[in-house]
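First up is the structure itself, then whatever we jot down about it.
Computed from the coordinates by the stated procedures, all read-outs in this text should not be read as laboratory data. Fair warning: this is a prediction, and the values are worked out from it, not measured in the lab. All Cβ positions, even for glycine, are placed from backbone atoms using ideal geometry, and neighbour counts span all protein chains on display.
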C-alpha cells in the first residue's frame, strides 16, 4: 500500500477546489430529526486495495445484522484528488453519510463549507472518541471545540533504510548511527562517498503543500517533543528548534546527500537512495524486494526512540451534512471503529488504528508480526497537521519558503522562516 491519494495529486487542483468552496454547499449540520433518524445510508472508502477489502467485509457484517438499515458502499469516485471529489460533493449536497478517507488537513475547509456534522451532537460521542484515541484526540478537535472527524488510522512515518546498501558502504546495518543529526549526516556522507547509492535520502523536492509532511515536519515534531506547525494561532517553526531542523536538511542538500531533482519513480525501491521517510505501508511494499531496517527520525541531540515523536499521516472518518439517517451513520461509525473491526483493519492493511496503547490492545497480532511492532510503538507519539483556518494555504506558504531557502538555497533559511511565520500568523488568525 502506498501513501494516501492526497500525496500523489495536484496541490494546485486541491487548493483551488478548497479555496473556491463556499458555505452555500452541504446540508443542515444541526438537523435534530436527522440526528436520530435511522434507515439506509451510503458510505465511501478509499480506493486502496486492502482498505477496499476491509470496507467490504465491514459493510457485509453490518448489513447482515441490520437488514433495515442497509449500508451501500463504494470506493471514493475518481478525481484529481479525494479532497476535490469530496469538496464537490459537499457543494452539490450529495455527499454520502460517512467517508472513511477524510484528510485532517481538509477538515477546516469542509467544515467552513457547512459540509460536516459535529459528532459531539450524538450521545456519548465525545467520550467515545477520547477513550478510543487517548491523548491524541485533542489534535483533531476543531477551534470551536467540537469534533468534526473521528481519528481513525495513522501511518506514523519513520526512517526506512536499505541494509544491503548500508553494508556495502561499511555501515553497521543492524545498528546504524542515525540518531543525531551529526550521526545521520556522517552516515549519509559515507553512503554517497562509497558509491553504494546515488543519494542517502531522496524526499520529493516538488512544491506541493503536503511535501513537508515527509521531510521537515516529522523531524520538527521529534525535535520539539510533539509541537505542531501552528499552535494557538501562531506559527511555531521559526523557533531555534525549527531552524535546526531546516539547517540539517539544508546540509543534506548542500552536500548533495539529498537530491534537488524530482525522481519519476521510487528512488528507495530502485536503490537510488539508501533511506526514505515512510509509514508502515512500506513493509508490504518492500518486504519481497529489500532487506530493510527501520529507525526513528533523528534529532539534534539524539532523543531516545521511546520519546521520539513523528508525523501521524492519518486518515479519518467524518459524517457529512447531506446525510439524513444520521442515527444509523453514528451507529455504523462506532461499529466500524470498535475493537473487532479495528483489529481487522490492522490485519488486512497493516495500518495503525488510532487507539490508545495499540500494542497492548492487539498483543497477539504484534507478536506474530514483529515487523509492525516498531510502528505500533511509534503510533502513540504522533503529531497531526494543525486544525486551523486556511490549513492548505498555510502549508503551501511554508512549502514555498522551505523550497526557496532549504532545498534550492535561493534565500537565507532563518530570514525566510521568520518571514513566512509572520504570513502564516495572519492566515491562521482568519476565520
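Below are the figures for this structure:
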item	result
Value of relative contact order over the range 372-431, rounded to a whole percent, pairs C-alpha under 8 Å and six or more apart	40
Taking the chain and dividing mean pair separation by its residue count, relative contact order in percent (alpha carbons under 8 Å, at least six apart)	27
Residues 365, 199, 147 arranged by fewest to most Cβ contacts within 10 Å	365, 199, 147
Cα long-axis angle, helix 413-428 against the chain (0 to 90 degrees, to the nearest 10)	10
Shape category assigned to the range 370-410 from the gyration tensor of Cα positions, a/c cut at 1.5	oblate
Calculated [θ] (222 nm, deg cm²/dmol) that DSSP helices of n ≥ 4 give over the chain, each run adding -39,500 (n - 2.57)	-12000 deg cm²/dmol
Which of 324, 371, 261 has the fewest Cβ neighbours within 10 Å, and the rest in rising order	261, 371, 324
Ascending count of other beta-carbon atoms within 10 Å, so fewest first, for 83, 131, 241	131, 241, 83
Reference-scaled alpha-carbon Rg (2.2 N^0.38 Å with N residues) for the range 196-308	1.12
Helix axis angle, 370-379 relative to the chain longest principal axis, alpha carbon, degrees	80
Rounded to whole Å, sorted largest first: equivalent-ellipsoid semi-axes of the range 112-163, Cα gyration tensor	28, 14, 9
Cβ-Cβ FRET estimate between residue 33 and residue 123, R0 fixed at 22 Å, reported to 0.05	0.90
Relative contact order for the range 43-178, counting Cα pairs under 8 Å that sit 6 or more residues apart, in percent	18
Square roots of 5 times each gyration tensor eigenvalue, C-alpha, the chain, largest first, Å	36, 25, 18
Order by protection proxy (mean Cβ within 10 Å, highest first), peptides 153-160, 420-427	153-160, 420-427
Cα-based shape type of the range 68-125, given that a ≥ b ≥ c are square roots of the gyration tensor eigenvalues and the cut on a/c is 1.5	oblate
Shape of the range 274-425, Cα gyration tensor, a/c cut at 1.5	oblate
Cα Rg, Dmax (largest Cα-Cα span) when computed across the range 262-314, Å	13.0, 35
Angle in degrees between helix 391-402 and the longest Cα principal axis of the chain, rounded to the nearest 10	10
